[in-house]
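Please treat every number below as a calculation from the coordinates, not as lab data. Please read these numbers as outputs of a predicted model, since none were measured by experiment. Methodologically, a virtual Cβ is constructed for each residue, glycine included, from the backbone with ideal geometry; neighbour enumeration extends over all protein chains shown.
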Amino acid sequence: MSTQTIPAISVQNIIKRYGDFEAVRGITFDVADGEIFGLLGPNGAGKSTLIRMMTTLIPVTAGKAIIAGHDVSRDSDAVRRLIGVIPQALTSDIDLTVEENLSIYAKLYEVPKATRRRNIDDLLEAVDLTKWRNAQTKTLSGGMRRRLEIARGLVHNPRIFFLDEPTTGLDPVSRVAVWEMLNALKNQRGLTMLITTHYMDEADRLCDRIAIVDHGKLVALDTPMALKASVPGNNVVEVQFTHESPAWPQRLERLAGVTSVESQSAAMYRVLTSNGSLTTTQLVEMAVSHNETLKSLNVQNTTLDDVFVHYTGRQLRDEQIKPVGFIMPPRPGMQP
Amino acid sequence: MQRMWAIVEREMRKFFRSPALMMVSMTLPLVQLIILGHAFGGKIRNARMGVVDYDRGSQALKIHEAFNAVAANIRTFTTVPYQNEQQAREDVRNGKIDGAVIIPAQYSRRVLAGDSPSIGLVVDNTDQVMSGALEAEMQSLVQALNEPIIQPYVVQQITLKIVELYPYVEYMKYLLSGSIALAMYVAVMIGGGMLYIDDKARGVHEGYLVTPITRLELVLGLNIAGAIKAILSGVSLTVIGTLLSGLGVIFHPMALVQLSLLIVAISIAFNGMMFLMMVRVEDPLVPRAMFGVLNTLLFFPSGAISPVSGLPPWLKAIAAIDPFTYAVHGFKSILLKDGGFTAIGPDLGFLTLFGVASLLIATPLFKRTL
């Protein structure tokens, strides 16, 4: 079989058990060469457990993870040479300089001395940290440290890059900067990337394909566009009435194009529709006919939030506040 | 090997970036050396001894003269006259005086009659150092009073002549061996144990584990770095401590060689022991909680502050497997006795074997995964 036909990552019915609890329950997917693949799910869904099995950090209970043709359980050393990993927590040495951090990791990967310096120079340029190369890491901002970690994961020119929630804890500007940098790295180096995230916009913006994971199971897998198209209704209408009435849901369901109505809070509803403009017009007329005024009205296209709700029956944001199911045993100092 | 040395390089760069660790590792032993060395090193001076004289005869006067001689020369105590025994006892009890001598009525008459009179000594035996010093001084004084005025023709008294092999060793010098070992222990505990667990908790090890580094390379890298930190701490405290204590042994080349070997062996032993204890620990609180307990458990039975021979059997059993014991013995042999390789050979052997054995047990216990 030629290397072109081998998927960069092939996960086959993989399972991880902690005692009686099954954190990952038989997930299967392939990631093609050069693809950015997203694992989307709330905290505790099993994303980090899955990525840790693929990166040889924790043993696989059952099933297989094949990375660039190498089984993580049988040929972990070969896997480690081919992958770059950015863990969830910021783990660069704060007492070392930016360059020292990269240099130590280059040595851990046995990057030849002749190419080590050039690799580091190129990476510092790519992550825009050249002028900070001699700065102690403790003096960097969170966004800069995350960029340093990304450079660190690439110091040995890996084929496949695993990023576990790469923008968690970053401000919006830094998040966008990281996205742009990852896109640029993908284009320049032809990297295959697997990213876990619980940010919908991140998955939407970065990923070629997205796997939605919930309670250790794969509930959906496709491109962001196809996932959104798979949700009945092309538009989302969010409406808030001035007065609450138990009749609103039924009245909304009767409007043209409406496929589902979801109560958000008091007198506020989220309506999925296949015809946003017609539904909106009828909604306004219906309100007038019942002598009701609208507090707010918002029409938008289907988002990955809607996709997540459609496939899991829950809001991702709620899950972030009240995580359910198994959460990877917290190690001290690790970010939640 | 490059990967192993990368771990060593990382650890040492961090170590030299944070000189606080070096300072912290030496502060406790140095403070202990200086404070304890001076606190326990001196003899009792100018204690206050109450004297209740119910006799006031010629023989009692001899006792007063002997007391005056003590106050003027050796100065172990000065006397405070009392009128009655009850008051003197009460003042010993409440700490106004350190002891009281009671010369009973008819003392002089009974001495002259050869009637074996007694002198009373009241001491506060909750303070064993003070009471011991006063008792010893009084014993010596009474012995002098008992000397016959006319020596018998045949003297049958047996005397003991003490030959001291080494010059008088002040307590600070005695304590120095333990202080150097303690500095190395603190360096290993903080620089090895605590930082190792902190790194684990911060996810630094997770970063290592996704690289191709092998378990052995990682274990050796961490331990070599830990041993180097302990060596630096040991060398620093040896130099500072010997200069503070007035020991010139570090200027003798052979002693330097012996000290170097001993310090390396201790580093291997302490670091191996610490790594074995920490290899499966995840919680950063554990090494901090263990610090004091281990310090007490390992330092005090080692002979660092009092001889091992005076310990109860169960503590002697701990001392027998405690690397501190061999570290302290080795340092004392070099610093105080110029014992040579014959004296430190068993210490070097035990410490090296202990360290290697600890690492051999710890290595398979070290998890290559999370």
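Some notes on this structure:
- The phi torsions of segment B:197-203, fed into the Karplus equation with coefficients 6.51, -1.76 and 1.60 and a -60° offset, translate into couplings of 5, 4, 4, 4, 5, 7, x Hz, rounded to whole numbers, with Gly and Pro shown as x.
- Only Cα sites of chain A enter the Debye sum here, all with the same form factor; the resulting log10 I(q)/I(0) across q = 0.09, 0.10, 0.11 1/Å is -0.56, -0.67, -0.78, listed in q order.
- Rounded, prolate or oblate (a/c below 1.5 giving rounded, otherwise prolate when a/b exceeds b/c) for chain B by Cα gyration tensor: prolate
- Between the amide H of A:F162 and those of A:G84, A:V85, A:I86, A:L194, distances stay under 5 Å, these residues lying 5 or more places away or on another chain, with hydrogens modeled in the peptide plane.
- Folded to 0 to 90 degrees: helix A:142-153 orientation relative to chain A principal axis, Cα: 50 degrees
- Tilt relative to chain B, helix B:171-187 - C-alpha long axis, 0 to 90 degrees, to 10: 20 degrees
- Long-range amide H partners of A:D214 with built H, under 5 Å: A:V219
- Cβ-placed point charges (K, R +1; D, E -1), dipole of the protein assembly as shown about Cα centre in debye, nearest 20: 1100 debye
- Per-residue average of Cβ from other chains inside 10 Å of B:11-22: 2
- 10 Å Cβ neighbours from other chains, averaged over peptide B:196-209: 6
- Choice from A:L206, A:L194, A:L283 with maximal GNM fluctuation in chain A (Cα, 10 Å cutoff): A:L283
- For A:I9, the residues whose modelled amide H falls within less than 5 Å of its own, excluding neighbours fewer than 5 places apart on the same chain, are A:V31, A:A68.
- Across segment A:167-257, Cα-Cα pairs farther apart than 20 Å form 57% of the total.
- Share antiparallel - DSSP beta bridges, segment A:3-228, percent rounded to 5: 55 percent
- 3J(HN,Hα) along segment A:44-52, derived from phi through the Karplus expression 6.51 cos²θ - 1.76 cosθ + 1.60 where θ = phi - 60°, amounts to x, 6, x, 4, 5, 4, 4, 5, 5 Hz, with x in place of Gly and Pro.
- Stokes-Einstein diffusion for segment A:172-211, with the hydrodynamic radius set to the Kirkwood value over Cα pairs and evaluated at 37 °C in a medium of 0.692 mPa s, equals 308 µm²/s.
- Three semi-axes of the equivalent ellipsoid, the protein assembly as shown, Cα gyration tensor, whole Å, largest first: 79, 33, 20
- Alpha carbon convex hull of segment B:43-146, projected area averaged over orientations, nm²: 6.0 nm²
- Placing unit charges on each Cβ (+1 for Lys and Arg, -1 for Asp and Glu) gives the protein assembly as shown a dipole about its Cα centre, and among A:V155, B:L336, B:G292 the Cα reaching farthest toward its positive end belongs to B:L336.
- Estimated vicinal HN-Hα couplings, Hz - segment A:15-29 in sequence order (Karplus 6.51, -1.76, 1.60; Gly, Pro = x): 9, 10, 10, 10, x, 7, 8, 9, 7, 10, 10, x, 8, 9, 6
- From the Kirkwood radius over Cα pairs of segment B:250-340, Stokes-Einstein at 25 °C and 0.890 mPa s returns a whole-number translational diffusion coefficient of 168 µm²/s.
- DSSP-defined beta bridges in segment B:43-146 - what % are antiparallel, rounded to 5: 25 percent
- In chain B, taking the dipole from charged Cβ atoms about the Cα centre, the farthest positive-side position among B:A201, B:G191, B:A6 is held by B:A6.
- Measuring nothing but alpha carbons in segment A:237-301 and taking Rh as the Kirkwood radius, the Rg to Rh ratio lands at 0.90.
- Net charge over other residues, Cβ less than 9 angstrom from the Cβ of B:K367 (K, R count +1; D, E count -1): +3
- Compared with the dominant principal axis of the Cα atoms in chain A, helix A:276-289 is inclined by about 40°.
- For chain B, a Gaussian network of Cα nodes joined below 10 Å ranks B:A113, B:A320, B:A20 by mean-square fluctuation, and the top entry is B:A113.
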